[in-house]
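Reading through the C-alpha cells given below for one structure.
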Amino acid sequence: MTTTHNLGFPRIGARRELKFALESYWKGDSPRQNLLALGAELRQRHWQQQAGLDLVPVGDFSFYDQVLDMSFTLGNLPERVRGFHGEALDNYFRVARGRSAQTAEAHGGCCGGVAAGEMTKWFDTNYHYIVPEFTADTVFQLDASRLLEQLAEARAQGVRAKPVIVGPVTYLAIGKAKDDSDRLALLPRLLAAYAELLEALAAQGVEWVQVDEPLLVTELDKDWSHAFNLAYHQLKSCRVKLLLATYFGQLHDNQYLAANLPVAGLHIDAVNGRDDVLPLINLLPAHKVLSLGVINGRNIWKTDLAAVLDWLEPLAQRLGDRLWIAPSCSLLHVPVDLNSEQQLDADVKSWLAYALQKLDELQVLATALRQGRAAAADALEANRAALAARRASPRVNNPAVQAAVKAITADLGRRESAYARRATRQSALLKLPTYPTTTIGSFPQTAEIRHARSEFKAGRLDPAAYEAAMKAEIARSVREQETLGLDVLVHGEAERNDMVEYFGEQLDGYAFSQFGWVQSYGSRCVKPPILFGDISRPRPMTVAWTTYAQSLTTKPMKGMLTGPVTILNWSFVRDDQPRAVSCQQLALAIRQEVLDLEAAGVRVIQIDEAALREGLPLRKAQWQHYLDWAVESFRITANGVRDETQIHTHMCYSEFNDIIGSIAEMDADVITIETSRSDMELLDAFEGFQYPNEIGPGVYDIHSPNIPTREHIVELMKKAAERIPAGRLWVNPDCGLKTRQWAEVLPALANMVDAAKALRGLQAEVA
C-alpha cells in the first residue's frame, strides 16, 4: 500500500490569523498567552485538515521562521541576546526583528532593541529565513521543548506524527561564520546535538523523522559531500527512522550520494527532478523507502493526475510498500484553501489547487494506486475536464502579444549612450549633491490608507472620493520628504496594495484572489497574482499618480515601477510555456509604462528587480541561461529612454556578490541594494569588480522597528566609500517603508539625511 504524507503546511492560517496575532503581541495590544493560544489553535486545525494522510508533519509550525526555530532548538543564539531575561519567545523575536513586544522589552532590559539577524531567501523561493550565525567557539546546547510540546499536542489529537527538522548539513551550509572559522569544523559538535534530539524523539515513541536537506539539489564540493556521509553515518545509530527530504530541484550528480546515505527513506522532488526517479530506483538498497513529490508544492495549478498516474503506476508495481507519495516540498509556499475564494474568476478558479486541494489530489492518486483508477474515476474525470478547458480557453493565448515577442530585437535593450556620457547629462539636468538621498519607493501604509482601499473595493467609497484620499496621502508623503530635505522624492505608493499585485491588476492575462496569501517572512504575507495568459498593458498604470506628485514639488520625483523579472518571480506563473517567454511579455508591457512616464516629464524612473537573484537555478551550471533572459528582459523594459532620464533599480535580501557581473550588464544608472543587516558585507564583491555605475547601499534596516543613528549610517557609508568612489554613492534605506510607521520612519530618515550632510562635510574637508 502506497503511503501518503506531507512535508509541511502553511502556518499563517486561511485568514492570516497568525499575522494579526503576532502584530498585536508585538505592539503590546495582547498578552503572550493569546499568541500562544492562537498558535495551538492553528496547529490543531491544520492537523485536522491533514487527517486523511498516513503521516502528518509536526514541528513545521513556526511563530516566525523554521530555520530560526532550529537555531533555538540547537541553542545557537547570537551572543547579543543571551543576556536578556524573560521568556524565550521574546529572545526569539529579538533575533528575528530586533525587538519583541513593547512590554517584553521593558522586562528584558532591551529598550533600544538589538541588531536583528541577517535575513535572506530560502533557496530559490520568496520565503525569507533568519541566517544562523557561527563562530569558532559556537556551542550547541539542545532545547527540544518546542518540538516535544508540539508532538505531545499532536499525539493528544490522535495525529500520526512525523516530526520535521532542518538537516544538519543544510543548517551549516545556509548559516554564516561571523569570524574566519570554517563552518564544517563545527559539524561534530552539531551532530552531537542532533543525536540528542533524535534520541529525545525516539524516547517519545516516534518512528519516522523528516530531516530536510535541500542542499543535496545544489552543487557540492568534496568537503560538503563528505559532510553528508559523516553526518548520516554518525546518526544512523539513532532509534528513529530518518526520511531524508530534498526538494526544489534535481539531484543530478548527487544521486549516488543521496541513495547510499544510511537513512531509512529518501524524498525527492519528482516535479522538478523527474529525471532522478528511475536512476534512484536502480541505486536504492532494497529496504529503503522512496518518497516521490508528485504534486507541485510551489505553484497553484491543478496537477494532471492522469499523466502522473501513467508514469507512477509502473513504479508502484515495482516498489510496492516502499513507495510513498507527497507534495514536492512543504506547502508553505502556496495559499491554504481555494474554497475561501468566492470572487475569483470562475474559469481560472477551476484550474487551480491550493494547499488543501493539493492534499485532495494526493488522496486521489493514492486511491487510484491502491484500488485502481476506477475507484477514483469521478475525480479523475473532473480533473481531466478542468485541464482541457484551460488548454482550450481563448483567454490564455493572445496572438498580438505573441507576435510582439517574436519581433523583439537586440536594439530594444540598448541605451543611446554609455553610462559615462549619460551620467554627465543626468548630472546637468538633476543637479544633485554628492551622497544624494532618496528612499526606495513606499511610505507607511497607514490604517487610513487601508480603510479607504477596503471601502473602495467594497463599493462604499466612490472613485472620486478614493482618488482624493490617495492624493491627500501622496501630498503628505511629498510634504514630509521636503521637510526632511531628501534630494530625490517618491510619491509614497499610497494607492498600491502590493508592488506586484498592483501592476498585475492592470495587466491583461492576470487574475486575483482574495485569500491567496503566502508567508514571506514573520508576519509579512504576500498575495501573488495569478499569471494565467499572455500579458499586455491596456492603459497607463502609474503616470497620473506620479505626475500629480511631481506637481507638488520642484525636486525630482521618481517614477516607481516593478520590473518584469520580479513580477514574474513573485507571481503564480502559468506552467504551459517557458518562464522566459512570460518574462518577455511583461518586459514589453512595463517598457510602455517607462516610455509614458518619460513622456510625462518624469526624469528619474526606478524599476525594482528585488527578485532577480531568487530566480536563479540552484545549480550554477544553469545560471547563465536564466541570467541571459532575465537581464535581457530588464534591458528591454528600461532602455528605450533618452540619456537624460536616470534609470534606477533596486534589489534586496539575497546574496548578490556572485552575480555582480550580470547586475552590471543590466546597465541601470543607479542600483540601490540591501546591505544594512550584513554590515556592508554585500559590498565585498566591489573590491574585485569595478562596478561602473552608481550605487546606493541600504543603510536603514526597514524590517526592524529600530531607528538607525546618524553615526551608524555614517560608519556604514564610510565602509561603502572604501569600495565605491564617493561621487557614485547614494544614501537610502534598504527597502520600501510601507510596513513601518511614520513615528519610526521620520526620525530614521532625518538621521539618514543628517548623515549624508556629515559625509559631504567630511568629503569637503578632504578636498
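The values are calculated or read from the model by the stated rules, or taken from the named source; none is laboratory data. The structure presented is a predicted model; accordingly, all values stated were derived computationally and were not measured. Every residue, glycine among them, receives a Cβ derived from its backbone with ideal geometry; neighbour counts consider all protein chains shown. Heads up: the accessible areas ignore ligands, DNA and RNA and are worked out on the full protein's heavy atoms, side chains in. Shrake-Rupley method; radii C 1.70, N 1.55, O 1.52, S 1.80 Å.
Between helix 463-484 and the chain, what is the angle of the helix's C-alpha long axis to the longest principal axis, kept within 0 to 90° and rounded to the nearest 10?
70 degrees
As an exercise, identify the GluC sites (Glu not before Pro) in segment 614-652 lying in DSSP coil whose Cβ has no more than 16 other Cβ atoms within 10 Å.
Details: sites: 614, 632, 644; in loops: 644.
Filter output for segment 614-652: 644.
Taking the Cα centre as origin and putting +1 on Lys and Arg beta-carbons and -1 on Asp and Glu beta-carbons, what dipole magnitude results for the chain, to the nearest 20 debye?
So the magnitude is around 800 debye.
Using a 1.4 Å probe over the heavy atoms of the protein chains, calculate the carbon and sulfur portion of the accessible area of the chain as a whole percent. All intermediate terms of the calculation are to be shown ahead of the outcome.
Working: 14230 of 27930 Å².
That fraction is 51 percent.
When the helices in the chain are scored as -39500 (n - 2.57) per DSSP H run of 4 or longer and the sum is shared across all residues, what 222 nm value do you end up with, to the nearest 500 deg cm²/dmol? It would help to have the intermediate numbers written out before the result.
Numbers: 28 runs with 324 residues, N = 767.
Calculated at 222 nm, the ellipticity per residue is -13000 deg cm²/dmol.
Stretch residue 15-residue 225 to full length: gain in nm at 0.36 nm per residue minus the Cα-Cα span?
Working: separation 210, 0.36 × 210 = 75.60 nm, distance 4.21 nm.
Length gained between residue 15 and residue 225: 71.4 nm.
Which one of 477, 532, 433 is farthest out on the positive end of the charge dipole of segment 417-535, using unit charges on Cβ (Lys, Arg +1; Asp, Glu -1) and the Cα centre as origin?
Looking along the dipole axis, the top candidate is 433.
What is the P(r) of segment 319-452, as percent of Cα-Cα pairs per 5 Å bin from 0?
With 5 Å bins starting at 0, P(r) equals 2, 6, 9, 9, 10, 10, 9, 10, 9, 8, 8, 4, 3, 2, 1, 0.
Taking the Cα-to-Cβ direction at residue 283 and at residue 726 and moving 7 Å from each Cα, how far apart do the two end points lie in nm?
Going from the residue 283 label point to the residue 726 one covers 5.6 nm.
Can you work out the Karplus-derived ³J(HN,Hα) for every residue in segment 61-70? Use 6.51 cos²θ - 1.76 cosθ + 1.60 with θ = phi - 60°, whole Hz, and x for glycine or proline.
6, 8, 7, 8, 7, 5, 6, 4, 4, 5
Take every DSSP beta bridge whose two residues both sit in the chain, then give the antiparallel share in percent to the nearest 5.
Values: 10 of 62 bridges.
Expressed as a percentage, antiparallel bridges in the chain total about 15.
Residues of segment 293-337 with amide nitrogen under 13 Å from the 7 Å Cα-to-Cβ point of residue 378?
none
How much length is gained if the chain between residue 143 and residue 88 is pulled fully straight, taking 0.36 nm per residue apart and subtracting their Cα-Cα distance, in nm to one decimal? Mind dumping the intermediate values first?
Values: separation 55, 0.36 × 55 = 19.80 nm, distance 1.07 nm.
Length gained, residue 143 through residue 88: 18.7 nm.
Which angle between 0 and 90 degrees, to the nearest 10, do you get for helix 17-27 versus the longest principal axis of the chain when only C-alpha atoms count?
Here the helix axis deviates by roughly 50 degrees.
Hey, what's the chain come to in accessible area per residue, 1.4 Å probe, Å²?
Details: 27930 Å² over 767 residues.
Accessible area per residue, the chain: 36 Å².
In nm, to one decimal, how far is the modelled label at residue 514 from the one at residue 465, with both set 7 Å along Cα→Cβ?
Going from the residue 514 label point to the residue 465 one covers 2.1 nm.
Straight-line reach only, C-alpha to C-alpha below 30 angstrom: list the lysines that residue 162 could link to, leaving out same-chain residues fewer than 8 apart.
The qualifying lysines are 19, 121, 176, 236, 241, 288, 302, 358, 527.
Rounded to the nearest 0.05, what FRET efficiency is calculated for residue 665 and residue 577 with R0 set to 22 Å and r the Cβ-Cβ distance?
Values: r = 25 Å, r/R0 = 1.14.
My answer for the efficiency is 0.30.
Order the peptides 218-225, 360-367 from the highest to the lowest mean number of other Cβ atoms within 10 Å of their residues. Mind showing how you got there, number by number?
Working: 218-225: 13.9, 360-367: 19.9.
Highest to lowest by the protection proxy: 360-367, 218-225.
Pop out the ³J(HN,Hα) list for segment 410-420 in order, Karplus 6.51 cos²θ - 1.76 cosθ + 1.60 with θ = phi - 60°, rounded to Hz; leave Gly and Pro as x.
4, 4, 5, x, 10, 6, 4, 9, 5, 4, 4
Tell me, in nm to one decimal, what length is gained between residue 253 and residue 196 on full extension, where the rule is 0.36 nm per residue of separation less the Cα-Cα distance? Can you show the working numbers first?
Working: separation 57, 0.36 × 57 = 20.52 nm, distance 3.15 nm.
In short, 17.4 nm is gained.
Only Cα pairs under 8 Å and at least 6 apart count here; give the relative contact order of segment 486-588 as a rounded whole percent. Please report the intermediate quantities before stating the final value.
On the way: 140 pairs, mean separation 33.0, N = 103.
That works out to 32 percent.
Mind checking segment 330-408 for trypsin sites (Lys or Arg not before Pro) that DSSP puts in a loop (not H, G, I, E or B) and that have at most 15 other Cβ atoms within 10 Å? Kindly include the intermediate steps, with their values, before the conclusion.
Values: sites: 349, 358, 370, 373, 384, 390, 391, 395, 406; in loops: 395.
For trypsin sites (Lys or Arg not before Pro) across segment 330-408 that sit outside H, G, I, E and B with at most 15 neighbouring Cβ atoms in 10 Å, the list reads 395.
Only Cα pairs under 8 Å and at least 6 apart count here; give the relative contact order of the chain as a rounded whole percent. All intermediate terms of the calculation are to be shown ahead of the outcome.
Details: 1466 pairs, mean separation 97.0, N = 767.
Normalised by residue count, the contact order of the chain is 13 percent.
Using alpha carbons only, how many degrees (0 to 90, rounded to 10) separate the axis of helix 710-721 from the longest principal axis of the chain?
Once rounded, the angle reads 90 degrees.
Residues of segment 732-748 with backbone nitrogen within less than 14 Å of a virtual label 7 Å along the Cα-to-Cβ line of residue 758, please, listed as ranges.
Under 14 Å, as judged by backbone N against the label point of residue 758, lie 748 of segment 732-748.
If contacts are Cα pairs under 8 angstrom and at least 6 residues apart, what is the relative contact order of segment 182-332 in percent? Kindly include the intermediate steps, with their values, before the conclusion.
Details: 220 pairs, mean separation 30.3, N = 151.
Normalised by residue count, the contact order of segment 182-332 is 20 percent.
Per-residue HN-Hα couplings for segment 749-761, Karplus 6.51 cos²θ - 1.76 cosθ + 1.60 at θ = phi - 60°, whole Hz, x for Gly and Pro?
5, 4, 5, 5, 5, 4, 4, 4, 5, 5, 5, 5, x
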